[in-house]
């Protein structure tokens, strides 16, 4: 089972105070880039892998989703998510994404925000998600960008002219990275961009769009202290699609 | 027209001495990762965009390619390529990839090695290449990795423990980068991974595989001084495919 960092009191306390935890999707800086990757939600059966406080399930329902299944490993997260809605169209369930079982062709959209970097291997989950999607269904997700996760010691430096720079090393050596984000000893897994995309392709997904989030010029204008968040990509966003027909054109 | 750096005597002299110029494909460190992206060559009509000294066209013919059209902007490169073969199945032609014209559905495979980063915009070329491919045809290419091209000032540094690191900045600001590789004032263009992949997708290519070349463990064992070439990706390699049928499944 992946490290259940969200149920550690120090981490949970810190996470609960993030803008994305308090304000929801509009408090997530990458949401303006992620939202256009999503299909029209009306009538869709949606699963949210790592739903946290349930901001996405609730938003999906306001957009007309037929139903949303929110999955999370953290009882703390699920308890708060359940307390924030009375919508019978939303179901929350505890699940370990490393041993996930989903009904075959039961969903039109799978969504996952900033969760996959906690998994040592994304292959089994992608296989499960692919089987759980109808033909033409989509998997839209964000993950910490490999440029962010690669360094053995993460941190900003400055170049010869005093400009912020993000030193990378260890890029080709995939595996565990331990960082002190919100709490000491948070375990994440570094994977290359190639591994993320090829694992999708090998599991019969078609890559529909790839985005790399860093602060937009508008965000920097509103918050000048975010300027360095354009120096390197922070999150990798992907829209992948199950082929529309099961007949293999090869 | 793109900067014709290969016809500048200082650059050409330096380039001519690179291992990849002297030994050909086997002297290109990324070839072991690029070759598996190529289809079986027997009977294929091939175009090489930026063929240089013609190492790839000659190799393609040894593998049974029906014909190879080698294109390059540099008269120096083409002259040497022509001098190195008498094979009537290979044609060399001077061409500016920014204003390329190719026969529609005239090729089974388009190939391009470390050339696209000289173009300010890859959209028009990808459109041309897509139209030049038969259904199911492939475009296999390498390009300097965006992690390599991003920094305003490229260069290695060391982290707090003395380990090599490659500081990145400017990643989200695409455009001109001037470096002093082989000669001063070499103009290349930085693009994000997302832009490379999305421009392919928007031009009706299907992403078949993505690789990120850095030194392999075997290469480091043979040449310990290459160890730092695993710290960050050096080249981005892509295999993209024209859909097999012109009927749009959407």
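The values are calculated or read from the model by the stated rules, or taken from the named source; none is laboratory data. This one's a predicted model, so the numbers in the text were calculated from it and none came from an experiment. Cβ: placed from backbone, ideal geometry, glycine included. Neighbour counts: every protein chain shown.
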Next item on the list: Please go through region B:208-233 and pick out each residue that is touching a helix residue (DSSP H, G or I) at 6+ places or on another chain (Cβ under 6 Å) and either touching a residue at least 24 places away in the same chain (Cβ under 8 Å) or more than 9 Å from chain A (Cβ to nearest Cβ) (or both).
Entry: B:209, B:210, B:211, B:212, B:213, B:215, B:219, B:220, B:226, B:227, B:232, B:233
Next item on the list: Would you check if residue B:194 is closer than 30 Å to residue B:104 by Cα and in contact (Cβ under 8 Å) with a residue 24 or more places away in the chain?
Entry: no
Notebook entry, point to check: So residue A:183 fits all but one of (1) at pLDDT 95 or above; (2) more than 11 Å from chain B (Cβ to nearest Cβ); (3) in a loop (DSSP other than H, G, I, E, B); what number is the exception?
Noted result: (1)
Checklist line | Test: residue in region A:187-202 that is part of a loop (DSSP other than H, G, I, E, B), surrounded by fewer than 20 Cβ atoms within 10 Å (Cβ to Cβ), more than 7 Å from chain B (Cβ to nearest Cβ) and in contact with a helix residue (DSSP H, G or I) (Cβ under 9 Å, 6 or more places away or on another chain) | finding: no
Check: Scanning for something within 13 Å of chain A (Cβ to nearest Cβ), touching a helix residue (DSSP H, G or I) at 6+ places or on another chain (Cβ under 7 Å) and at negative phi, does region B:123-141 turn up at least one residue?
Finding: no
Next item on the list: Output yes when any residue across region A:161-175 is surrounded by fewer than 16 Cβ atoms within 10 Å (Cβ to Cβ), free of Cβ contacts under 8 Å to residues at least 60 places away in the same chain and closer than 21 Å to residue A:20 by Cβ, and no when none is.
Entry: no
Notebook entry, point to check: Is one or more of the residues making up region A:97-116 closer than 12 Å to residue A:51 by Cα, free of Cβ contacts under 8 Å to residues at least 60 places away in the same chain and surrounded by fewer than 14 Cβ atoms within 10 Å (Cβ to Cβ)?
Noted result: no
Margin query: From the list B:184, B:120, B:135, exactly one residue is under 30 Å from residue A:217 (Cβ atoms) and surrounded by fewer than 23 Cβ atoms within 10 Å (Cβ to Cβ). Which is it?
Written below: B:120
Notebook entry, point to check: If the Cβ limit is 6 Å and pairs must be 6+ apart or interchain, which residue in region A:47-59 that is farther than 22 Å from residue A:3 by Cβ pairs with which residue that is part of a helix (DSSP H, G or I)?
Noted result: A:55/A:24; A:55/A:25; A:59/A:25
Next item on the list: Could you list all residues from region A:142-177 that are facing chain B (nearest Cβ under 9 Å), more than 30 Å from residue A:25 (Cβ to Cβ) and outside any strand (DSSP E or B)?
Entry: A:152, A:153, A:159, A:160, A:161, A:163, A:169, A:170, A:171, A:172, A:173
Notebook entry, point to check: If you check B:29, B:88, which single one turns out to be in contact (Cβ under 8 Å) with a residue 40 or more places away in the chain and in a loop (DSSP other than H, G, I, E, B)?
Noted result: B:29
Next item on the list: Look at residue B:240 and say whether it is modelled with pLDDT of 95 or more, within 8 Å of chain A (Cβ to nearest Cβ) and under 20 Å from residue B:36 (Cβ atoms).
Entry: no
